[in-house]
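What follows is a short report on a single structure.
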Amino acid sequence: MLRRFAISFSLVLVCICAWGRTRPHYGGTLHVEIAGNPWQGLDGLARRLVLDGLTALDANGFVSPALAVEWQSDSNDHRWQFRLRQGVHFHDGSPLNAQAVVMALNTECTANCPWTAVYAVGPSVVFTSDSPMPNLPALLASDAYLIALTRTADGQTPANPIGTGPFQFTSFSNGLLTLTANDSCWQGRPFLDSIVIAANRSIRDQWLDLSVGRADVAEVPPQELRQAQQQHLSVVVSPPVELLALSISDSGSLANAVLRASISESIDRGALFNVIFQKQGEITASLLPQSLTGYAFLFPADRDLNKANELRGGLTPPPLVLWADADGTMQLAAQRIALNLREAGFNAQVVNTRNAPHADLTLRKLPLEGSDPAAALETLLRSAGENVPVSGQNPTALYRAEHDFLDLKTLIPLLDLPRAWAVGSRVRDLRLRADGTPDLAGASLEGTQ
């Protein structure tokens, strides 16, 4: 009996110690390094830490309540009403109300909005539109419509971002953004005391800092995934959450749809996949991934150089400008596409200037977000600058809508790409959002109290 008691007591101690090691701890500063700017672009890493939306996508990509707790539509989706969560405050203490939300949305979205008008009705925000808005709850979960305070209590425009999120802006200098925990966050206080994000760090420097403990989270571009695994980095990888696509202007020499079709046929997706992105992601000619729709295989993705030359029909268009981000991999991908075009009789020059207003071709990454195919398609098209409402859950109707749009040859899908992050040994409970970014607000650090 004494022996059984001793064994049982030892097992209890082991369980208690294991629980103590694995349960989240409060406190500590998480150090993150990225290649870009944490505020730049709609997917800036800091935006979701400081700002909230009316809705959010959960880890499985389904729409869930955030600053709005419920919503309903009428007039065949021409009108939506979102009731706000009560008792929420901005970081400066200002109350969140419908008027503040309307001002934020009008400031954030000035053209090509999913709605025609937005206004406050008591504790609710109402959207109306001349056309149906069946996907509005999902669209409002995107980074484009996060709510930031636009006027302080004394009527001034805030000098720094003020939101309702789990962290609040503290400082941004010398490439270091410091955020501190929002103790009164409506979602509950985060485990971390603060997050420091180092901007404009090369991947090499990020991984070096991670290896010596100066960083806790670092980026892993898709094409570097294999190398990260060879270096025994602890990596979390998302499913495909970005579409690499080529936008083609429909003006000037490319107003001819046949020339746009020739460009589409000339691109070697296999070379992009195998050489540039090191066999990460999936080759596609569909806007939405196969896992979401089940019909992506119906869009042929093979290169057909003979058909490209046949469509061009001997026409010699003037030199084309192909713009891509200055990121090294995007530039390599653009150069590969330019080579494909030259083989098809086109002359394309790759540029990476900050603004390319006269670009004929633009290589870009577009979001693949959510588990609702119609909403995901509309979100993607709006990110590409296309104001194309998408309705209907019928797979046949959705396929037809995508097919008809792709027939315009103004947006050419190339690859579905994942996002990945390397995580240091002291980080606990780091998960990825539906968009592939790390949910830093839910993470904790081992050994903090």
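The values are calculated or read from the model by the stated rules, or taken from the named source; none is laboratory data. Remember, predicted model here, so these are calculated numbers, not experimental data. Note that we place each Cβ from the backbone using ideal geometry, even for glycine, and neighbour counts take in every protein chain shown. When the accessible area is computed, the model is the full protein with side chains, heavy atoms only, and any ligands, DNA or RNA have been set aside. Shrake-Rupley method; radii C 1.70, N 1.55, O 1.52, S 1.80 Å.
Looking across segment 301-319, the residues that are charged (D, E, K, R) and either within 29 Å of the chain's Cα centre (by Cα) or more than 19 Å from Asp407 (Cα to Cα) (or both) come down to Asp302, Arg303.
Taking the numbered list (1) out of contact with any Asp or Glu (no Cβ under 6 Å at 6 or more places or on another chain); (2) part of a strand (DSSP E or B); (3) under 19 Å from Asn37 (Cα atoms) in turn, Asp205 passes all entries but (2).
For segment 92-136, residues that are among the hydroxyl-bearing types (Ser, Thr, Tyr), crowded, with 17+ Cβ neighbours inside 10 Å and out of contact with any His (no Cβ under 7 Å at 6 or more places or on another chain) total 1.
Per-residue answers, yes or no, for (1) of a type in the set (Lys, Arg); (2) touching a helix residue (DSSP H, G or I) at 6+ places or on another chain (Cβ under 6 Å):
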site	(1), (2)
Asn135	no, yes
Thr157	no, no
Gly163	no, yes
Arg204	yes, no
Val217	no, no
Glu224	no, no
Val236	no, no
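Of all residues in segment 411-449, those being in a loop (DSSP other than H, G, I, E, B), open to solvent by 40 Å² or more (accessible area, probe 1.4 Å) and over 18 Å from Pro221 (Cα atoms) number 6.
When you check Arg400 against the structure, is it of a type in the set (Lys, Arg), at pLDDT 95 or above and out of contact with any helix residue (DSSP H, G or I) (no Cβ under 8 Å at 6 or more places or on another chain), yes or no? Taking the combined requirement at face value, the residue does not satisfy it. So for segment 164-181 (the condition being assigned to a loop (DSSP other than H, G, I, E, B), without any contact (Cβ under 8 Å) to a residue 24 or more places away in the chain and open to solvent by 10 Å² or more (accessible area, probe 1.4 Å)), does at least one residue qualify? Looking through segment 164-181, at least one residue is assigned to a loop (DSSP other than H, G, I, E, B), without any contact (Cβ under 8 Å) to a residue 24 or more places away in the chain and open to solvent by 10 Å² or more (accessible area, probe 1.4 Å). Taking (1) of a type outside the set (Gly, Ala, Ser); (2) over 21 Å from Asp404 (Cα atoms); (3) touching a residue at least 60 places away in the same chain (Cβ under 8 Å) in turn, Leu322 satisfies each apart from (3).
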